[in-house]
Amino acid sequence: MQIPLPASRQDAQPIMYISRQATLTKVALCNRHVSRETVLWQHTIVGLTTACLVAHDCIYASSSLYSSDVYSFAHDGRLLWRIQLAHYAVKGSIQLNEIICMRLADELLYVLLRNGTLYALHPEEGILLRKCTTEQVVDDEFTGVGPFDLVIERAILYQVKGNRLFALDVETGKIRWEQRIARTQPFQSHTLYDGVLYACADRDPVGSHIYAYEAQSGRPIWCSALLPDAIFEAPLVVDDHLYCVGASGVYALQCRNGRLAWSCPVGPTTFRTPLVVGDRLFVTALCDDGREEVKRWVLLAIQRTAGTPVWYHLFSECPLVHCAWEGQVYVSDEALRKLYCFDVRQGAILFQLNIAAIDDRLLPGSGASVIVTDQCFT
């Protein structure tokens, strides 16, 4: 995810949306303090999923404890609509009706279930417009659950399965085009940028390749040299470079030809797609030098054009990088109990928030996201 660095605005008042376990909360950050007094509104949604979006004047959330439900809330917390998409369904140990991700595209709200059913909703009215069947979503044995994303544009869904990369017309359910590579190189993830699909393929145990295809036709453009690392999560495109996080390093490739611009070893990573803010790239890694009994994690800021580390901060738990706002990057511990705000350029902690103070109930839910915006919608 790329976040530009906007000019400072004196009248901007940051608003934070927090999805934590089974609670969805809107908080005012005017005094850099979170308490029950700064909570603007709060909703308990048992079975809250990780799929959460803020767009225009609405926030979209979903739940999957039993049925698959999508919610739309106004900026003042009013429930605008709620729709049930599917009933509870389990096969073996897999909950087939689990909502994996949501995405706004083509003025529609797309919702993907684990069983591969893709729903298209009217974002303002919550009306089901159409649905189609795609590939079932399977967790990766190394990286666990996601984060998944829907790569969709102009009613074309781009998916991978094994060594196949294909474009599916969600209106007709027909495959527009398909590309296959060697069976020994399964595709792991992909992203779309400026009409080009970039896909990661695992060549276990020696490394990974990145492939570039023309999105409209599926025509191959280039294949990168072997990168000596396992790359599972989707690459990130910023300007003319493609950034990938492997099992132990970060790689920058030139978009025009796939050549390696730089690589930066960082130690065991979480594989997650990096966050870019201005000229800084943020990744998390495990500090494993074999000498310390207690594991420590590090948030690392890398100068993205040169590939050189700029600053770091140590954590006792695996940190989650959430978002950025006005030259600040927001990072939490894995359980989202505390949230830290760092200065993007220097790495100083500007403030930290006790998120657990606003809701300490242990209700079932997997919400784990923070969205900071200055869109107060007043």
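Computed from the alpha carbon atoms alone, the convex hull of the chain holds 148 Å³ per residue.
Computed from Cα atoms alone, the Kirkwood hydrodynamic radius reported for segment 317-359 is 10.5 Å. Each residue of segment 124-137 was assigned a 3J(HN,Hα) from its phi angle through the Karplus expression (A = 6.51, B = -1.76, C = 1.60, θ = phi - 60°), giving 8, 10, x, 8, 6, 8, 6, 8, 8, 9, 10, 7, 5, 8 Hz with x at Gly and Pro. Separation of segment 162-209 from segment 44-101 is 28 Å, based on Cα centroids.
Pairs exceeding 29 Å between alpha-carbon atoms, taken from K26/K174; K131/K161; K26/K91; K26/K131; K91/K338: K26/K174; K26/K91; K26/K131; K91/K338. Taking amide hydrogens as placed 1.01 Å from N in the peptide plane, the amide H of A247 sits under 5 Å from those of A230, each at least 5 positions away in sequence or on another chain. Could you work out the local net charge near T172, counting Lys and Arg as +1, Asp and Glu as -1, over the other residues with Cβ closer than 14 Å to its Cβ? Spelling it out: positives minus negatives among the neighbours equals +3. Normalised by the number of residues in the chain, the mean separation of alpha-carbon contacts (under 8 Å, six or more apart) gives a relative contact order of 15 percent.
Along its first, second and third principal axes, ordered by size, segment 15-105 spans 49, 26, 20 Å in Cα coordinates. Here's the picture: charge each Lys and Arg Cβ at +1 and each Asp and Glu Cβ at -1 in segment 2-373, and of I59, W325, Q346 the one pushed furthest to the positive end of that dipole is I59.
Where a number appears in this text, it was derived from the coordinates with a stated rule and is not lab data. As the structure is a computational prediction, the values presented were derived from the model and not from experiment. Cβ: placed from backbone, ideal geometry, glycine included. Neighbour counts: every protein chain shown.
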